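Right, one structure below, let's go through it.
The values are calculated or read from the model by the stated rules, or taken from the named source; none is laboratory data. Model, not experiment: these values are computed from the prediction. All Cβ positions, glycine included, derive from the backbone under ideal geometry; neighbour counts span all protein chains shown. For the accessible areas, the whole protein counts, side chains as well, though only heavy atoms, and no ligand, DNA or RNA atoms are used. Shrake-Rupley method; radii C 1.70, N 1.55, O 1.52, S 1.80 Å.
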Amino acid sequence: MQILARLCMSADGYVTTPDGWPPQVIDPTHGPGSHGIAEFLRTCEAALMGRTTFEPALTADRWPWPDLKVFVLGSTRPAGTPDDVTIDDDPLRLLEKIRASNRGGDVHLIGGPGTIETYRALGVLDKLELVILPFFVGNGMRLTESLNTRTGLEFESSRPLTGGAVEIVYRVSPQL
Ligand SMILES: NC(=O)c1ccc[n+]([C@@H]2O[C@H](COP(=O)([O-])OP(=O)(O)OC[C@H]3O[C@@H](n4cnc5c(N)ncnc54)[C@H](OP(=O)(O)O)[C@@H]3O)[C@@H](O)[C@H]2O)c1
């Protein structure tokens, strides 16, 4: 099992819109499987995220992770959370629960930046995948507001995606 952080970023370097949404949601090409996510998820069996990233799913038109076991790092269980979603406020204990249920597939660490930094600091983040979107948003949250700027990144691959985005995959190494 690998822990793979993957998130979208605007061309001016923001991982949210000014009002706090992941920037891909305002891309006209956004939809199920877009931005390379369908191919990425072929090796994944679980989704891991922070409570802030998780909560909007509870009011979404469709459940975003129909084929994945869902694990949330957070100190509260938001109203309406499905019974099969695992929530824990201890990052290591949550990781042990992921490992205990794992059948060899990878874990998509969805975000946000705070939760990515939590698992990076524990030394268990294998890759950081960035999908650079072909537009600016002007303002929002930067990845490095939370993620340590001394994170070691080793280039692994890149590929252009339908709609003009570019995927870049880095292996994460110990701090520089
Ligand atoms: N661009 C993209 O592809 C993408 C992907 C995902 C998210 N996002 C954006 O990222 C933003 C949210 O990011 P975020 O970093 O603020 O929040 P987050 O990581 O989604 O969630 C933060 C919460 O996770 C829990 N948490 C995190 N680290 C912890 C630790 N070490 N110990 C215990 N609990 C911990 C806490 O929950 P409690 O408060 O319950 O204790 C904390 O408030 C959203 O605006 C979302 O749209 C963007």
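Some notes on this structure:
- Over 21 Å [Cα-Cα, the stretch 80-176], rounded percent: 45
- Among residues other than residue 74 with Cβ under 13 Å from its Cβ, the summed charge is -1 (Lys and Arg +1, Asp and Glu -1).
- Inter-probe distance in nm under a simple model that places probes 7 Å from Cα toward Cβ, at residue 154 and residue 61: 4.3
- The Rg/Rh ratio of the chain, with both radii computed over alpha carbons and Rh defined as the Kirkwood radius, is 0.93.
- Neighbour net charge for residue 112 - beta-carbon separation under 10 angstrom, K R +1, D E -1: -1
- In order along the stretch 140-157, the phi-based Karplus estimate (6.51 cos²θ - 1.76 cosθ + 1.60, θ = phi - 60°) of 3J(HN,Hα) comes to x, 9, 9, 4, 7, 5, 10, 6, 4, 6, 9, 4, x, 10, 10, 4, 10, 6 Hz; Gly and Pro are listed as x.
- Per-residue SASA remark: residue 157, around 40 Å² accessible (1.4 Å probe; ligands, DNA and RNA not included).
- Computed over protein heavy atoms with a 1.4 Å probe, the accessible surface of the chain works out to 51 Å² per residue.
- Amide H contacts under 5 Å for residue 153, placed H, 5+ residues apart: 173
- Normalised by 2.2 N^0.38 Å, where N is the number of residues, the alpha-carbon radius of gyration of the stretch 1-89 equals 1.12.
- Per-residue ellipticity at 222 nm from helix content only, as computed over the chain with -39500 (n - 2.57) for each DSSP H run of at least four residues, stands at -4000 deg cm²/dmol.
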